[in-house]
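Please see the structure below; I have some questions.
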Amino acid sequence: MNRPNQPICKGVYLLPNLFTTASLFSGFLGIIWAIEGQFLYCALAILVSCVLDGMDGMVARLTRSTSDFGVQLDSLADLVAFGVAPAIMVYMWQLQEYGRLGLLASFLIVACGALRLARFNVQSGKISQKYFIGLPIPAAACVLATLVLFSTQSPAFLEDKYGTITLVLVYVLSFLMVSRVRYPSLKEFDGMRSHPFRTTVAAMLIFVVIASEPKILGFLFFLTYLLSGLVLSFLILPFRKVRLLRESPHELP
């Protein structure tokens with residue numbers, strides 16, 4: 001009889017690692033397409049990597065096959081798919097015209113992404129899993145990927161401004177990845193446990209809405225998540241803390 005924290009069988013360790021390897025392969029294809037100038041294909045490859053990255057963690061939790069090896073492999077795959085791939089994509093797409101400034105911006109995505117992943121691995125299991133500390137690297141990569149897709153259907157007045165937008169956005173994303181800004185973790189979202197049916201319906205509606213105009217609404221969705229961390233860290237959590245202190249003043253040190 002299997003213990004609660006043991007996998008069903010040793011073979012299930014292969015399943016999440018297969019998804020991780022597929023995510024790594026998709027990121028590798030994205031790098032090739034970025035070098036060839038196929039930026040739309042590269043952006044789609046990054047988004048596919050994001051889906052596969054979410055699936056490998058889900059499969060690992062469902063089959064109780066999480067392992068230290070899988071965690072390290074996942075981080076290495078994430079660095080390639082969500083660090084190197086988007087860095088090369090934005091540099092070849094817009095940033096190379098800025099010279100050293102654009103090169104530095106592209107490198108910051110990789111460097112800050114590596115720092116973000118290393119910090120996550122060190123803190124894993126030691127802090128609350130309800131929030132991410134710093135912008136997750138897959139979210140940062142998806143913001144840039146959907147920006148490329150958004151540029152194909154954006155208003156005409158933005159066509160000559162994407163260089164500046166990309167440069168500023170890359171620096172902002174790099175800073176947020178290594179910051180202390182908290183972002184909600186959908187894996188530990190309370191509503192998923194307390195109201196699973198409502199959460200499922202809401203997720204389906206969001207998917208249908210985004211699928212209606214994926215290039216525009218996809219970018220707006222990830223941009224909203226980017227801003228949600230700032231709202232959560234500087235408005236919601238401080239207000240919640242002040243309210244708790246007012247309700248329980250005797251707990252003040």
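Among A81, A139, A203, which one shows the biggest mean-square fluctuation in a GNM of the chain, springs joining Cα atoms closer than 10 Å?
A203
Springs between alpha-carbon atoms under 10 Å, Gaussian network over the chain: tell me which of L205, L76, L115 tops the mean-square fluctuations.
Judging by the Gaussian network model, the answer is L205.
If you roll a 1.4 angstrom probe over the protein chains with everything in place, what fraction of the accessible area of the chain belongs to carbon and sulfur, to the nearest %?
Details: 10500 of 14890 Å².
Heavy-atom surface of the chain belonging to carbon and sulfur, 1.4 Å probe: 71 percent.
Using the Cβ atoms and a cut-off under 14 Å, what net charge is assigned to the surroundings of A85, where Lys and Arg are +1 and Asp and Glu are -1?
-3
Continuing with this model, one more query. With the chain treated as a Gaussian network of Cα nodes joined by springs under 10 Å, which of D68, D78, D56 yields the largest mean-square fluctuation?
D68
On to the next question. Please report how many Lys pairs in the chain have alpha carbons closer than 20 angstrom, counting only residues at least 8 apart along the chain or sitting on separate chains.
Value for the chain: 4.
How much net charge surrounds F28 when only other residues with a Cβ under 15 Å from its Cβ are counted (Lys, Arg +1; Asp, Glu -1)?
Local net charge: -3.
If we count every other residue with Cβ under 10 angstrom of M177's Cβ, Lys/Arg +1 and Asp/Glu -1, where does the sum land?
Here the charged neighbours net out to +2.
Something else: Tell me which label goes with the value of Rg and Dmax of the Cα atoms in Å computed from the coordinates here: (i) 19.5, 65; (ii) 21.6, 74; (iii) 17.2, 52.
Recomputing Rg and Dmax of the Cα atoms in Å here gives the entry labelled (i).
Tell me, what HN-Hα J-couplings in whole Hz come from the Karplus equation 6.51 cos²θ - 1.76 cosθ + 1.60 at θ = phi - 60° for each residue of region 92-109, using x for Gly and Pro?
Running phi through 6.51 cos²θ - 1.76 cosθ + 1.60 with θ = phi - 60° gives 5, 7, 9, 7, 5, 6, 8, x, 5, 5, x, 5, 5, 4, 5, 5, 4, 4 Hz.
Ok, one more. Quick one: which residues, 5+ away or cross-chain, put their amide H under 5 Å from the amide H of R182? H built at 1.01 Å from N.
Placed amide hydrogens put G134, S233 under 5 Å from R182.
Whole number in Å², please: accessible area per residue of the chain, 1.4 Å probe, ligands, DNA and RNA not counted. All intermediate terms of the calculation are to be shown ahead of the outcome.
Details: 14890 Å² over 253 residues.
Ligands and nucleic acids excluded, the result is 59 Å² per residue.
Rounded, prolate or oblate: which fits region 33-79, taking a ≥ b ≥ c as square roots of the Cα gyration tensor eigenvalues, rounded meaning a/c under 1.5, else prolate when a/b beats b/c?
oblate
The values are calculated or read from the model by the stated rules, or taken from the named source; none is laboratory data. Quantities reported herein were computed from a predicted structural model and do not represent experimental measurements. Cβ sites come from the backbone with ideal geometry, for glycine too, and all protein chains shown count toward neighbours. With ligands, DNA and RNA removed, areas are computed over all heavy atoms of the protein, side chains included. Shrake-Rupley method; radii C 1.70, N 1.55, O 1.52, S 1.80 Å.
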